[in-house]
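Read through the structure below, which is laid out as structure tokens, and then see the notes.
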């Protein structure tokens with residue numbers, strides 16, 4: 001009986017690992033092309049405590065990265081003069097490296113950049129992260145709240 005239980009638990013663990021790999025590679029849901037493939041969409045809001053810190057020259061960057069990957073973004077959407085809440089949609093057209101595509105597991109970060117220059121955060125910049133990072137590409141109606149000041 002104990003041997004059978006060990007086999008069942010081992011097989012279940014293997015299935016979970018394979019499902020995780022498939023999700024990371026964008027092969028979830030029976031290896032079918034997921035609806036919304038290559039798209040991430042949602043809305044960015046700002047915490048009320050930070051709303052007064054929004055500069056009229058600020059630029060909102062919606063940044064997509066690989067979890068535990070290099071800090072270089074996969075894709076970025078630039079939104080000038082944002083008025084909150086701001087809707088966004090990132091597609092394969094926003095990918096930074098030619099030949100790459102949005103698929104698999106990603107991390108979403110938004111930065112309200114005070115001077116409008118992309119790069120590492122500077123004093124006065126505001127930031128938020130999707131609270132369920134990492135997530136699969138194809139998600140819509142995602143909500144990200146800007147809640148951190150540098």
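No lab work stands behind these numbers, since they all come straight from the coordinates. As the structure is a computational prediction, the values presented were derived from the model and not from experiment. Positions of Cβ are generated from backbone atoms using ideal geometry, with glycine treated the same way; all protein chains shown enter the neighbour counts.
Restricting attention to region 128-144 and to residues that are more than 9 Å from the chain's Cα centre (by Cα) and buried (at least 19 other Cβ atoms within 10 Å of the Cβ), the residue that is nearest to residue 70 (Cα to Cα) turns out to be 128.
Taken together, the residues in region 63-77 that are surrounded by 12 or more Cβ atoms within 10 Å (Cβ to Cβ) and within 12 Å of residue 95 (Cα to Cα) amount to 8. Annotation: of all residues in region 102-113 being out of contact with any helix residue (DSSP H, G or I) (no Cβ under 8 Å at 6 or more places or on another chain) and more than 11 Å from residue 60 (Cβ to Cβ), the one that is surrounded by the most Cβ atoms within 10 Å (Cβ to Cβ) is 106.
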